[in-house]
Amino acid sequence: MAIRPHEERSARFSAAPAEPAERHADLLEDLHLLWLDLRGLTHDHLQLAALEARRAGTSLAAMLAAGVVMAVLLIGVWGGLMAAAALALMKSHVMGDIETILSIAGANLVAAWLLFWFVRRKSRDLLFPETVNSFRDKE
């Protein structure tokens, strides 16, 4: 803090009692210095928060970009696995070409429907149902 050094304060208090106007001026000066220190500290904290917010935003953007690239790569892998499964079924003469493609597409459609059902069921929890019920009148 920028309040007067200890030596200056001890010299002031060890001397003869100062006049009340001088004590009042010293108190106002100390309060002013305290206010300046508080403003500086607040400014430093806000600047730190702004820098960390900027870093968090940059990190979030990088994570989203990496997630999009990862999703594209996984889609490619999934397509490759489905093509390999179709070729394996066609080579083993279990099904014909069209039946193999339709069965794989149908299996993907069923998996997507199950995931949709799961997400829809879990989305109910996003509405904070118990919290909303606690705010309603119990009559």
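The values are calculated or read from the model by the stated rules, or taken from the named source; none is laboratory data. Keep in mind that this is a model prediction, so the values were computed, not measured. When we count neighbours, we look across all protein chains shown, and the Cβ atoms used for this are built from the backbone with ideal geometry, even at glycine.
Structural remarks
- Residues that are surrounded by 10 or more Cβ atoms within 10 Å (Cβ to Cβ), at pLDDT below 95, in a helix (DSSP H, G or I) and not aliphatic (A, V, I, L, M) are absent from the stretch 69-79.
- Residue in the stretch 27-48 that is surrounded by 10 or more Cβ atoms within 10 Å (Cβ to Cβ), outside the structural domain of A107 (by TED's automatic domain parsing), in a helix (DSSP H, G or I) and within 15 Å of the chain's Cα centre (by Cα) present: no
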